[in-house]
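Only one structure is covered here, and it is reproduced in the block below.
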Amino acid sequence: MATYESRYQQLGFYVDGGFRRFSGGLFHTDDPAEIAVLDTITDVVRIDEEVPEAPVKPAPKPRKAANTSAK
């Protein structure tokens, strides 16, 4: 989900003839058409919370078998 923050609390914009409005300076959307319009507005900043991915750990190397001799 894309989250945008506006300099203005009630900023409004149009997408495909429909009016959209920020609420409290924030707007949340998954719609690609809305995202395209919001990316072009200069008073709007995208503030998605990026979830850091866990670093990929390399597979452990197999151990060498100890030289054991049955006596």
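Things to note:
- Out of Gly24, Gly12, Gly17, sole residue that is loosely packed, with under 10 Cβ neighbours inside 10 Å, at pLDDT 90 or above, over 21 Å from the mean Cα position of the chain (by Cα) and of a type in the set (Gly, Ala, Ser): Gly17
- Segments classed as strands (runs of 3 or more DSSP E), wholly inside segment 1-60, with at least 3 members that are touching a residue at least 60 places away in the same chain (Cβ under 8 Å): none
The values are calculated or read from the model by the stated rules, or taken from the named source; none is laboratory data. Computed from a predicted model, the values in this text were never measured in an experiment. Cβ: placed from backbone, ideal geometry, glycine included. Neighbour counts: every protein chain shown.
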